[in-house]
Amino acid sequence: MPEICDICGLPKDICACDTIEKQTTQRLKIYTVSKKFKKLVTIVDGLKGEELSSTTKFLKHKLACGGSHKEGVVELQGNHKDKVKAHLIEMGYPAEAISVV
């Protein structure tokens, strides 16, 4: 007998908690800032908790760049604004919740 998820009530193998959580998150804001030596850094603001570290790891892998997450923001080395939005949509975040500035 499959295990039942406590949150959504579905079996664990088809659990929809991650998708529901991503749909109810606050708005994500993507922008670039100039850091030391005029290097551009792409910032993704609006993530929290466990999704912060997993999203950072996924984006660093997909974009082949360095980066980190600190204080609720993801910092990626380089100008990747358009690519980041496409990859966040691929991860399941709704397109209308992502704004590129």
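The values are calculated or read from the model by the stated rules, or taken from the named source; none is laboratory data. Please read all numbers here as calculations on a predicted model, not as lab measurements. As a convention, Cβ positions derive from the backbone with ideal geometry for all residues, glycine included, and neighbour counts pool all protein chains shown.
Before moving on, here are some points about what is shown:
- Any hit, the stretch 7-26, residues being crowded, with 17+ Cβ neighbours inside 10 Å and among the aliphatic types (A, V, I, L, M): no
- When 53, 99, 68 are screened for being assigned to a strand (DSSP E or B), farther than 21 Å from residue 35 by Cα and either at pLDDT below 90 or in contact with a strand residue (DSSP E or B) (Cβ under 6 Å, 6 or more places away or on another chain) (or both), only 99 passes.
- Filter result for residue 43 (in contact with a Phe, Trp or Tyr (Cβ under 8 Å, 6 or more places away or on another chain), surrounded by 15 or more Cβ atoms within 10 Å (Cβ to Cβ) and of a type in the set (A, V, I, L, M)): yes
- Here residue 29 passes the criteria (1) surrounded by 11 or more Cβ atoms within 10 Å (Cβ to Cβ); (2) among the charged types (D, E, K, R); (3) modelled with pLDDT under 90 except the one numbered (3).
Yes or no, residue by residue, for (1) of a type in the set (Ser, Thr, Tyr); (2) out of contact with any Leu (no Cβ under 6 Å at 6 or more places or on another chain); (3) touching a residue at least 24 places away in the same chain (Cβ under 8 Å):
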residue: 43; (1), (2), (3): no, yes, yes
residue: 52; (1), (2), (3): no, yes, no
residue: 63; (1), (2), (3): no, yes, yes
residue: 69; (1), (2), (3): no, no, no
residue: 85; (1), (2), (3): no, yes, yes
residue: 95; (1), (2), (3): no, yes, no
residue: 101; (1), (2), (3): no, yes, yes
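- Taken together, the residues in the stretch 71-96 that are loosely packed, with under 13 Cβ neighbours inside 10 Å and farther than 21 Å from residue 33 by Cβ amount to 4.
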